[in-house]
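Inspection log for the structure reproduced underneath, given as structure tokens.
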């Protein structure tokens with residue numbers, strides 16, 4: 001059982017296991033249909049031929065429907081899905097008619113296999129009445145899908161299984177995200193620098209700066225602790241978190257550092273998963289801020305419009321033994337989960353500069 005479960009799980013991520021799974025299933029179905037076709041009074045060789053033709057027809061019914069039409073429905077592209085389904089349905093009827101006629105004529109089975117009325121004759125007989133045409137046109141849907149009800153059932157079981165796995169992974173990732181964010185808060189480089197700056201303001205009797213820094217630190221830590229628990233937060237909350245983090249980090253650099261920040265929020269109520277953008281901003285300050293002050297270059301731009309969200313970060317860095325960003329791999333997985341095929345992420349290392357461009361397209365609302 002463990003071996004079968006391992007094979008099943010790997011078929012979701014490894015195309016070789018998926019090909020083996022599909023090939024094994026159709027090979028099994030071939031013999032399943034062979035047993036069923038013995039109701040026809042034909043020879044063994046004819047059994048093989050009839051079953052092979054049926055398997056070929058089922059392959060056509062199954063793969064275009066599951067891998068072309070269903071994904072369009074999942075993306076809510078109803079018009080394209082409907083138009084493609086009409087084309088697919090007409091081709092399926094033509095192939096089905098050809099398949100039955102071929103087998104009946106091929107093996108002279110008119111006594112044991114009665115071919116139904118011709119589909120196109122029935123369409124013509126409806127005299128172009130909308131109701132009559134609809135009845136005739138869609139009368140074959142159930143019989144067509146009866147041919148592939150077994151692979152369709154298995155496919156949708158796989159969909160449900162994969163969805164549950166993703167949900168479990170997401171819950172685990174959110175828990176890890178909360179812990180990692182808390183860890184980042186008390187990171188010595190971040191936390192002690194903030195306390196040192198706070199101490200400096202107090203010693204210099206700069207009360208307003210002290211209170212502002214303390215409030216921003218408290219807000220940042222509060223958001224990091226409690227916003228993690230939510231499935232989604234508003235862009236206003238995310239940008240407030242980024243503003244607090246950036247303000248805290250900027251305090252440790254004097255005016256010689258070249259830091260440019262631009263955060264524009266034209267759709268503040270739009271919901272996103274928490275902390276999608278924070279790791280990229282953290283990395284910009286982590287690597288860009290590790291250089292000498294006069295060599296620091298950090299540029300961060302976040303544009304939230306009604307159509308899309310665009311984050312651009314660019315920072316100077318030394319190409320050393322650094323292992324990469326804070327939770328970058330986890331963030332990529334979360335982007336794939338929450339915004340499948342609706343985001344682009346480009347990371348570039350050119351010379352002494354590291355740049356990130358993340359673009360998330362918002363779904364059209366009707």
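The values are calculated or read from the model by the stated rules, or taken from the named source; none is laboratory data. All values reported here derive from a predicted model rather than from experimental measurement. Cβ coordinates were reconstructed from backbone atoms using ideal geometry, including for glycine residues, and neighbour counts include every protein chain displayed.
Structure notes:
- Residue within the stretch 154-161 that is farther than 30 Å from residue 273 by Cα and modelled with pLDDT of 65 or more present: yes
- Residue match in the stretch 204-223 (condition: touching a strand residue (DSSP E or B) at 6+ places or on another chain (Cβ under 8 Å) and at pLDDT 80 or above): no
- The number of residues in the stretch 338-355 that are touching a helix residue (DSSP H, G or I) at 6+ places or on another chain (Cβ under 6 Å) and modelled with pLDDT under 85 comes to 0.
- Across the stretch 262-277, the number of residues qualifying as surrounded by 12 or more Cβ atoms within 10 Å (Cβ to Cβ) and closer than 16 Å to residue 245 by Cβ comes to 6.
- Residues of the stretch 345-366 satisfying the condition of being surrounded by 14 or more Cβ atoms within 10 Å (Cβ to Cβ) and over 20 Å from residue 286 (Cβ atoms): 359, 360, 361, 362
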